[in-house]
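Worksheet for the structure shown next.
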Amino acid sequence: MLCLGIETSCDETALALIEDGKLLSHKLFSQESKHAVYGGVVPELASREHLRALPFLLDQLLEDSACNLTEVDAVAVARGPGLLGSLLVGMGMAKGLVLSTKAKLIGIDHLLAHLLVCGLERKLIFPALGVLVSGGHTQIYELRSCIEYQVLGRTLDDAVGEAFDKTAKLINLPYPGGKYIDQLARKGQADPKLLPCPYLDNNNLNFSFSGLKTSVANYLSRHEDLKIKNMPIEPNLEIITDNYPGLADFCASFNWSVARTLKVKVKRALQRQKDIKSLILAGGVAANSFIQQTISDLGQELDIPFFVPRKEYCTDNGAMVAYLGYLLLQKGLVHDIKLEAIPRGKPIPWDYSQISPS
Ligand code: KG4
Ligand code: ZN
């Protein structure tokens, strides 16, 4: 069973081919450098870049995996949540491919794809607690299988990745700056009292990171010496650490506050959901070394197996879309050509058609 995955929900154009649950090849074109100086993704630019990159990536993917489009059984495409214009480019390609071959169309929930991609490398254990930390979302899921799940908690304002990127922007690091904060933090020493761990003094599983962002802005306005003078397009972190003493410590403190906040809520969720058998951390921020270690330690402390995708599958990628497509096709869950894209903020509908399982 051959499944092609197409991911264009934000600023990464990505494709992958999975055969019987095994990854044959995957390709990614990152638009990061196109958006870096704007301090965020420019939606119009992102759509245009997806349209430009997709045909080249498809040629490379097919060549690399020695496959022919006529052999593809299903085309899985990220249908949301994401930037509508960007999603539509991927959906347009998926529908075109499906109409010109015998392949089935499968619309993929981008967030669920993030959470399940670890299954490519290690058999998942259900029921699982899924912690999704990305640029647009921060959610805790109870996953009973790859198709049965519920959201137990979510951010009420900024996503964790957004908090990282906005902090990076205040320091004058290019977008998306989360990874630079992570790298600088590794060279510093955290002060646990420097920044707040927001929204913990309650009884729920939701998050709120906007207060942390305000604390960062206030702190940096009192410590202008931590702001990089001219935004470097490709930051050299050795030079930055030497020229801005205290910046690495500040980044380590920021990392610490975020990791601690996540840990408290994830621990609370695990203590409430007594039958959980594994813990999954996923999404772009899962690439953060300190956050990964903190949540992994929590798994160990509570004796729950911990899953995290390898770094290249933490951030947006085609493998996660192709893999969830494969899982859904196995269960005979597909869409027809009327499949609609779902923008950020709207729930993904359960609108599959059931065919005989493959
Ligand atoms: O999952 P993703 O690629 O895209 C969305 O679906 O949003 O996540 C991107 C987010 C960005 O905010 C980026 O700064 C953040 O993940 N990110 C990191 C790291 N690598 C990526 N944040 C903290 N530490 C990292 N190492
Ligand atoms: Zn994502």
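What follows draws every value from the coordinates through simple rules; no lab data is involved. The shown structure was predicted, so the numbers you read here are calculated from the model rather than taken from an experiment. Using ideal geometry, Cβ is built from the backbone for each residue, glycine included, and neighbour counts are taken over all protein chains shown.
Which of T138, T155 comes first, and how do the rest follow, when ranked by fewest Cβ neighbours within 10 Å? Before the final figure, lay out the partial values.
On the way: T138 30, T155 20.
If I rank by nearby Cβ atoms, fewest first, I get T155, T138.
Could you give the dipole magnitude of the stretch 4-87 about its Cα centre, charging the beta-carbon of Lys and Arg +1 and that of Asp and Glu -1, in debye to the nearest 20?
So the dipole magnitude of the stretch 4-87 works out to roughly 300 debye.
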*Rounded to whole Hz, the Karplus (6.51, -1.76, 1.60) HN-Hα couplings of the stretch 223-231, x for glycine and proline*: 10, 4, 5, 8, 8, 5, 4, 10, 4
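Tell me the trypsin sites (Lys or Arg not before Pro) within the stretch 260-291 that lie in a loop according to DSSP and have at most 13 other beta-carbon atoms within 10 Å. Show your work: numbers first, answer last.
Numbers: sites: R260, K263, K265, K267, R268, R272, K274, K277; in loops: K274, K277.
For trypsin sites (Lys or Arg not before Pro) across the stretch 260-291 that sit outside H, G, I, E and B with at most 13 neighbouring Cβ atoms in 10 Å, the list reads K274, K277.
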*Angle between the Cα long axis of helix 160-171 and the longest principal axis of the chain, 0 to 90 degrees, nearest 10?*
50
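Remind me, what semi-axes does the stretch 166-238 give for its equivalent ellipsoid, largest first in whole Å, using sqrt of 5 times each Cα gyration tensor eigenvalue? Intermediate results must be reported in sequence, preceding the final value.
Numbers: eigenvalues 122, 36, 32 Å².
Ellipsoid half-lengths, sorted descending, are 25, 13, 13 Å.
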*What is the dipole size for the chain, taken about its Cα centre, with +1 at each Lys and Arg Cβ and -1 at each Asp and Glu Cβ, in debye to the nearest 20?*
760
_Normalised contact order of the chain, rounded percent, pairs of Cα under 8 Å and 6 or more residues apart_ = 24
*In nanometres, what is the gap between the two model label sites at D64 and E148, each 7 Å from Cα along Cα-to-Cβ?*
3.6
*Relative intensity, log₁₀ I(q)/I(0), of the stretch 41-117 from a Debye sum that treats every alpha carbon as a point, q = 0.17, 0.18, 0.20, 0.26 Å⁻¹*: -0.74, -0.83, -1.00, -1.29
*When we measure straight from the Cα of K169, which lysines land under 30 angstrom away, once same-chain ones fewer than 8 places off are left out?*
K27, K34, K179, K187, K193, K213, K227, K229, K263, K265, K311, K346
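Hey, what does the equivalent ellipsoid look like for the chain, semi-axes from the Cα gyration tensor as sqrt of 5 times each eigenvalue, largest first, whole Å?
Details: eigenvalues 243, 119, 55 Å².
Its equivalent ellipsoid spans semi-axes of 35, 24, 17 Å.
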*Given H335, L279, N236, which one lies farthest toward the positive end of the charge dipole of the chain, if we put +1 on the Cβ of every Lys and Arg and -1 on the Cβ of every Asp and Glu?*
L279
*Dipole magnitude of the stretch 172-311 about its Cα centre (Cβ charges: Lys, Arg +1; Asp, Glu -1), debye to nearest 20*: 480
*Any chance you could check the Cα centroid distance between the stretch 1-23 and the stretch 129-147 for me, in angstrom?*
20
_Could you derive backbone 3J(HN,Hα) for the stretch 351-356 from the dihedral phi with the Karplus parameters 6.51, -1.76 and 1.60 (θ = phi - 60°), listing whole Hz in sequence and x where the residue is Gly or Pro?_
10, 6, 9, 9, 10, 5
_With only alpha-carbon atoms in the gyration tensor, what are the semi-axes of the equivalent ellipsoid for the stretch 205-358, in Å, largest first?_
38, 22, 16
*asked:* Using the Cα atoms of the stretch 198-270, I'd like the radius of gyration and the largest Cα-Cα distance, Dmax, both in angstrom.
replied: 15.4, 44
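If Lys and Arg each add +1 and Asp and Glu each add -1, what is the summed charge of the other residues whose beta carbon sits under 10 Å from the beta carbon of K104?
Working: positive: K102; negative: D73, D336.
Taking every other residue near K104 into account, the sum is -1.
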